[in-house]
Protein chains: 2
Amino acid sequence: MSRPLPPPEDVPDVPVFARHDHARCAEGALAAAEAMAAAAGLRLTPVRRRTLEILLESHRAMGAYEVLERLAAEGFGRQPPVAYRALDFLVEQGFAHRIRRLNAFAACTRPGTDHQPVFLICRGCNAVAEAPGAEARAAVEAAATAVGFRVERASLEAAGLCPACAGAAAASSDAVR
Amino acid sequence: MSRPLPPPEDVPDVPVFARHDHARCAEGALAAAEAMAAAAGLRLTPVRRRTLEILLESHRAMGAYEVLERLAAEGFGRQPPVAYRALDFLVEQGFAHRIRRLNAFAACTRPGTDHQPVFLICRGCNAVAEAPGAEARAAVEAAATAVGFRVERASLEAAGLCPACAGAAAASSDAVR
DNA sequence: CATAGAGTGTTACTAAATAACATGTCAAGG
DNA sequence: CCTTGACATGTTATTTAGTAACACTCTATG
Ligand SMILES: [Zn+2]
Ligand SMILES: [Zn+2]
Ligand SMILES: [Zn+2]
Ligand SMILES: [Zn+2]
């Protein structure tokens, strides 16, 4: 049922940290998810679809309970499993990612591509971007192999400041000076 | 107060996934922590010391509440902050690491060395090893820099099977065959 | 002998995650 | 046409993780 995914180069990157037409950005991700789900015979049901839309509203990571609040307000179930099931589905299908450092979830910015990103988490604006992670993953794999460890999944997450927030921080420390 | 740390090569590596004299291993880590704390003028108080000892009993990661249970049973406080404060201290001083994938803590196997490990987490036996992470970190740094992101901290964690558990899994799937 | 800081303990709460069970929908298969 | 089973959704209830805020005790330092 699952066809080979296109290589990352075939899909335009999302400049999370730059100004961009986000409405279009979200729309595209949703369309991609819909197409993939249809092709794979999966059901992108109302809760699941709405959950993805909620995540897609921004490039922030959202906690399951934050998502749940939104779903509940819109007439879906109001108990934790409702949110967790929808989020787990999205993560399994690669429409969203789990950000372990934050115990939170973010919509994937490159759904449908074969990608193993490094997550860049800005502590200023809470945005989460996906940087190409092939090299970093290879290095992790090599380090593991050296001691006979077989890697199944890896989470590579970096916390710091995005360009805009770093600029703002520099400016304010100038002001103090 | 803080002196330059010795490069990783000067301290023997801990073969977490191999049979080793663990009593000696734990003892060494504790001694190193004591020496460092003394040198830095930090107080390795009874709760903190005992918390480290508990983590050092195995190479597993332990949840804060699991540690707390042990502390409480030994006459220390029985409320969450008791465990969290001791664990936070150990992490800050580099005597332990936080494993975000597991929401848990593990004693550092190379305390006192300048290291930025990749954590290898075995899903079979729950052991956590530290593999050299310089290359992987450089790759993450490079990926981040490419989009103007300034990395402050990174968590690199791989889940999979250690040599022993991978061997056992292979054997049992042979048995089925 | 103040008194300020660090460390430890408490109560009380918020947040994250899962187990277990009841109900509804719908597509085969008889 | 009516089972039957898979899947999705909803619930209640509980466990696990993490923090805020306050009180008490030490131990310097002036
Ligand atoms: Zn966007
Ligand atoms: Zn992605
Ligand atoms: Zn050991
Ligand atoms: Zn370490």
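The values are calculated or read from the model by the stated rules, or taken from the named source; none is laboratory data. Just so it is clear, the structure is predicted and the values come from calculations on it, not from any experiment. For neighbour counting, all protein chains shown are included, and Cβ atoms are generated from backbone atoms with ideal geometry for every residue, glycine included.
Of the helices (runs of 4 or more DSSP H) lying entirely inside region A:5-106, those containing at least 3 residues that are β-branched (Val, Ile, Thr) and farther than 24 Å from residue B:104 by Cα span A:46-56. Condition check: among the β-branched types (Val, Ile, Thr) and crowded, with 20+ Cβ neighbours inside 10 Å. Does residue A:113 satisfy that? So residue A:113 fails the test. Exactly one residue among A:137, A:150, A:101, A:110 is closer than 30 Å to residue A:45 by Cα, modelled with pLDDT of 95 or more and among the basic types (Lys, Arg), and that residue is A:101.
When residue B:77 is tested against (1) more than 12 Å from DNA strand C (Cβ to nearest atom); (2) surrounded by fewer than 17 Cβ atoms within 10 Å (Cβ to Cβ); (3) at pLDDT 95 or above, only condition (1) is not met.
For region A:29-49, does any single residue satisfy the condition of being of a type in the set (D, E, K, R), surrounded by 13 or more Cβ atoms within 10 Å (Cβ to Cβ), closer than 19 Å to residue A:83 by Cβ and within 13 Å of DNA strand D (Cβ to nearest atom)? Working first, answer last.
Going residue by residue through region A:29-49, those that are of a type in the set (D, E, K, R) are A:34, A:43, A:48-49.
Add one more test, that the residue is surrounded by 13 or more Cβ atoms within 10 Å (Cβ to Cβ), and what stays is A:34, A:48-49.
Filter again for closer than 19 Å to residue A:83 by Cβ, leaving A:48-49.
Narrowing further to those that are within 13 Å of DNA strand D (Cβ to nearest atom): A:48-49.
So far as region A:29-49 goes, yes, one or more of its residues are of a type in the set (D, E, K, R), surrounded by 13 or more Cβ atoms within 10 Å (Cβ to Cβ), closer than 19 Å to residue A:83 by Cβ and within 13 Å of DNA strand D (Cβ to nearest atom).
Any residue in region A:108-124 that is under 30 Å from residue B:167 (Cβ atoms), in contact (Cβ under 8 Å) with a residue 12 or more places away in the chain, among the polar types (S, T, N, Q) and more than 12 Å from DNA strand D (Cβ to nearest atom)? Looking for residues that are under 30 Å from residue B:167 (Cβ atoms), in contact (Cβ under 8 Å) with a residue 12 or more places away in the chain, among the polar types (S, T, N, Q) and more than 12 Å from DNA strand D (Cβ to nearest atom), one finds at least one in region A:108-124, hence yes. Looking at this structure, is residue A:63 more than 16 Å from ligand 3 (Cβ to nearest atom), at positive phi and surrounded by fewer than 17 Cβ atoms within 10 Å (Cβ to Cβ)? Spelling it out, it is not the case that residue A:63 is more than 16 Å from ligand 3 (Cβ to nearest atom), at positive phi and surrounded by fewer than 17 Cβ atoms within 10 Å (Cβ to Cβ). Consider region B:87-98 and keep the residues that are free of Cβ contacts under 8 Å to residues at least 60 places away in the same chain and crowded, with 20+ Cβ neighbours inside 10 Å. The one that is farthest from DNA strand C (Cβ to nearest atom) is B:97. Residues in region A:104-161 that are within 18 Å of residue A:18 (Cα to Cα), more than 7 Å from every other protein chain (Cβ to nearest Cβ) and among the β-branched types (Val, Ile, Thr): A:109, A:121, A:128. Summed over region A:18-63, the residues that are among the acidic types (Asp, Glu) and in contact with an Asp or Glu (Cβ under 7 Å, 6 or more places away or on another chain) give a count of 0.
Of the residues contained in region A:130-153, none is found to be touching a residue at least 40 places away in the same chain (Cβ under 8 Å), aliphatic (A, V, I, L, M) and crowded, with 17+ Cβ neighbours inside 10 Å.
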